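Here's the structure we're looking at; comments come further down.
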Amino acid sequence: MQLDPERFDHNLTNYRLVDSHKTVECNACHARGKPFHKTGSQCVDCHKKADPHKGRLGDRCENCHSPTIWRNVKAFDHGKTKFPLIGAHKDVACATCHTGELYKDLSQACVSCHRIQDIHADRYGSKCETCHNQLKWKEAKFEHDKTKFPLHGAHEKVKCDVCHTGYIYKQKLETTCVACHKEQDPHKGQLGDRCERCHNDVDWRKNITFDHSQTHFPLIGEHVSVPCEGCHSSSNYKDAPIACESCHRDSFHQGRLGVGARCGNCHNPYAWSRWTFDHARQTRYPLTGMHQRLTCESCHSTKNATTLKLPITCESCHKDYHNGLLGAQPKCGSCHDTSAWSHWRFDHGRQTGYPLVGAHARLRCERCHTTPNTPTLKIASDCASCHRRDDPHVGQFGRSCERCHNPVSWRKADIRN
C-alpha cells in the first residue's frame, strides 16, 4: 500500500494528533516492521520509559497530563480519592506528601506527614483531628464536654499540658480537685477531697459556699453572717471548738454561772441579749414572787464556780431575823412566802396544837421562844413555864393556873372552881 507520510491525514484514524503530537516523527510512534494500525494509542505505549511514577499511578496519564506539554500537570481531582484536599491542604505541592512518587496506599493519618511538627511528642496519640483542623493547624479545639470532665470557669483557660503531662491514652487522669490542686490545699487534706462542697471552678478563692448544716454546728441567727475566719482561726476547720465561750468571752457573768457553762440554756444565736431560762423546769427550785426580779448573780455569786447547784434553804441567802430563836434550821416557809418577806402568817393553833388567844395573840414569837439555835421549837405549854415569876401564889396552888386564870387577862381570875 502506497503511503505518503507527508500528506497522510491522521485525523482519519482513531487517534487524532493534537498539540505536541503534531510535530512528532512517524517512526517515533510507529516502529519499523510493525503495521501502523497495531500501534497502541495509550500514553504508556510510547512514554512508559519516561513515566516517573513507574506505573504506580496506572495507565490513565491523561487524568493529569495533556499532550500540549507533558510537565504541565493539570489539576488532579483529589476529591475523587479517599482523601479530599480541603483547607491548607489545597495549596500543598503533590511531592510534599507523595515523596518518592508514592501515590497509592499512603497513610491518611496526620502524623504520617506532620510527626516532625508534633509539639506533643506523640503524648496525645495520632488522632490529631480530635483537636486540630485542616484550615489552620495552630487553632486547636477539643470538645471536653464530651468527656467525663467538662471544662467550666477557670478550667477553660488552662492549657492541655498543665493537666495532661503524660501519654493521654495510657495515663487516665483523676477528676477530683486534689488530683491537680493538692499542693494548693491550705487545709492540708484535713477536710477531705470534696473541694466542690465549698469551692467552685470559676475562682478558687471567691464565692466560697458551704452547707454548715452538714456539720455538728448548724449556723443560725447571727452566726449566719459571721465570716469563716471569725471562728476558724486556722485553715484546719475541724479544730474549731463549738462551745460558746471559745468565741464569746464571758465578760458579763465572769464565771459566776460556772466554768464551761452551757450558755445555750439561756441564750440563743439570734441575739445574745435575748435570753430565757425556765428555772422551774430546768431546776428543782421554781422562782416565784420577789425571786423572779432577782438577777442570776444575786444568788450565783461565786466566780469560776465548778457547779451551779446551790442550797435551796432560805437561810443560805437570807440572814435569820430571829437570830436562831426559831430553831437552828427553821422552816421559814411555815410563816413566810416569796411575795414579800414582811408578809408572814402562822396558824399557831392548827400547826402546833396550842392556839394563841387573848393576850397571847399579841405576843412576838421571841417572847416565848427565847433560847437561840434550839434543835426544836417545841416548848412547854403549861402556864408556869413562862409565868413562874409572875405567880403571886409562889406555886402554892400548883401548876394548873388555867383553873382560875385565862389568857385574856391574867389578873381577872375566875375562882368559882
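Can you pull the percent of the stretch 1-126's accessible area that's carbon plus sulfur, 1.4 Å probe, other chains left in place? If you can, show how the numbers build up before the last one.
On the way: 5670 of 10440 Å².
Carbon and sulfur atoms account for 54 percent of the accessible area of the stretch 1-126.
What are the extents of the Cα atoms of the stretch 1-102 along their three principal axes, listed from largest to smallest and rounded to whole Å?
59, 22, 20
Rank these residues by their accessible area, most exposed first, probe 1.4 Å: Thr130, Thr39, Thr209. If you can, show how the numbers build up before the last one.
Values: Thr130 60, Thr39 40, Thr209 85 Å².
Descending accessible area places them as Thr209, Thr130, Thr39.
Over the Cα atoms of the stretch 85-201, each weighted equally, I'd like the Debye log10 I(q)/I(0) at q = 0.09 Å⁻¹, rounded to two decimals.
With one equal scatterer per Cα and no solvent, log10 I(q)/I(0) is -0.39.
In the P(r) worked out for the chain, what percent of Cα pairs fall beyond 36 Å? Can you show the working numbers first?
On the way: 60449 of 86736 pairs.
That tail contains 70 percent of the Cα-Cα pairs.
Which value, in debye to the nearest 20, gives the size of the charge dipole of the stretch 273-350 about its Cα centre, when Lys and Arg are +1 and Asp and Glu are -1 at the Cβ? Let's see the in-between values first.
On the way: 10 positive and 6 negative charges, 41 e Å.
The calculated dipole for the stretch 273-350 is roughly 200 debye.
Which whole-Hz ³J(HN,Hα) couplings does the stretch 350-361 yield from phi under the Karplus relation 6.51 cos²θ - 1.76 cosθ + 1.60, θ = phi - 60°, glycine and proline marked x?
Values, residue by residue: 6, 8, 10, x, 10, x, 9, 10, x, 5, 5, 5 Hz.
Quick one: give the max-minus-min coordinate of the C-alpha atoms of the stretch 165-205 along each principal axis, largest first, in Å.
Principal axes ranked by extent give 32, 22, 14 Å for the Cα atoms.
Roughly how many Å² is the accessible area per residue of the chain, as a whole number, for a 1.4 Å probe? Each step should come with its number before you reach the end.
Numbers: 34130 Å² over 417 residues.
Result: 82 Å² per residue.
Between Pro5, Ser235, Cys26, whose Cα lies farthest towards the positive end of the dipole of the chain when Lys and Arg beta carbons carry +1 and Asp and Glu beta carbons carry -1, centred on the Cα centre?
The residue sitting farthest along the positive end of the dipole is Ser235.
Out of residues 5 or more away from His336 or on other chains, whose amide H comes under 5 Å of its own, with H placed 1.01 Å from N in the peptide plane?
Under 5 Å from the amide H of His336 lie the amide H atoms of Arg345, each far enough along the sequence or on another chain.
Using only alpha carbons, build the gyration tensor for the stretch 369-417 and give me the equivalent ellipsoid semi-axes, biggest first, whole Å.
25, 11, 10
Determine one quarter of the surface area of the Cα convex hull of the stretch 282-417, which equals its mean projected area, and express it in nm² to one decimal. Spell out each step's value before the answer.
Numbers: hull surface 44.4 nm².
Spelled out: convex hull of the Cα atoms, projected over all directions, averaged, 11.1 nm².
Across the stretch 73-78, in residue order, what do the Karplus-derived ³J(HN,Hα) couplings come to in whole Hz, using 6.51 cos²θ - 1.76 cosθ + 1.60 with θ = phi - 60° and x for Gly and Pro?
These are the phi-based 3J(HN,Hα) values: 7, 7, 4, 9, 6, 5 Hz.
Note down the Stokes-Einstein diffusion coefficient of the stretch 122-178 in µm²/s, whole number, using a Kirkwood radius over alpha carbon pairs, 10 °C, and 1.306 mPa s.
On the way: Rh = 12.7 Å.
Value of D from the Cα-based Kirkwood radius: 125 µm²/s.
Please identify, among Ser112, Ser400, Ser339, the residue showing maximal mean-square fluctuation in a Gaussian network model of the chain using a 10 angstrom Cα cutoff.
Of Ser112, Ser400, Ser339, the most mobile in the Gaussian network model is Ser400.
Using only the alpha carbon atoms of the stretch 1-40, find the Kirkwood hydrodynamic radius as the inverse mean reciprocal pair distance, in angstroms to one decimal. Could you put the intermediate results ahead of the total?
On the way: mean 1/r = 0.0900 Å⁻¹.
With all distinct Cα pairs of the stretch 1-40 included, I get 11.1 Å.
Residues with amide H under 5 Å of Ser66's amide H, sequence separation 5 or more or different chain, H placed in the peptide plane at 1.01 Å from N; which?
Lys74
Measure of size requested: the Rg and Dmax of the stretch 186-316, with Cα atoms as the atom set and Å as the unit; please supply both.
Rg and Dmax of the stretch 186-316, Cα atoms, are 20.1, 69 Å.
Calculate one ³J(HN,Hα) per residue across the stretch 98-105 by plugging θ = phi - 60° into the Karplus curve 6.51 cos²θ - 1.76 cosθ + 1.60, and present them in order as whole Hz with x for glycine and proline.
9, 6, x, 6, 9, 10, 9, 6
So for the stretch 147-255, averaging the separation of alpha carbon pairs under 8 Å that are six or more residues apart and normalising by length, what relative contact order in percent results?
Numbers: 56 pairs, mean separation 24.8, N = 109.
That works out to 23 percent.
The values are calculated or read from the model by the stated rules, or taken from the named source; none is laboratory data. Here the structure is a predicted model, which is why all the values come from computation and not from measurement. We place every Cβ from the backbone using ideal geometry, glycine too, and count neighbours over all the protein chains shown. For the accessible areas, the whole protein counts, side chains as well, though only heavy atoms, and no ligand, DNA or RNA atoms are used. Shrake-Rupley method; radii C 1.70, N 1.55, O 1.52, S 1.80 Å.
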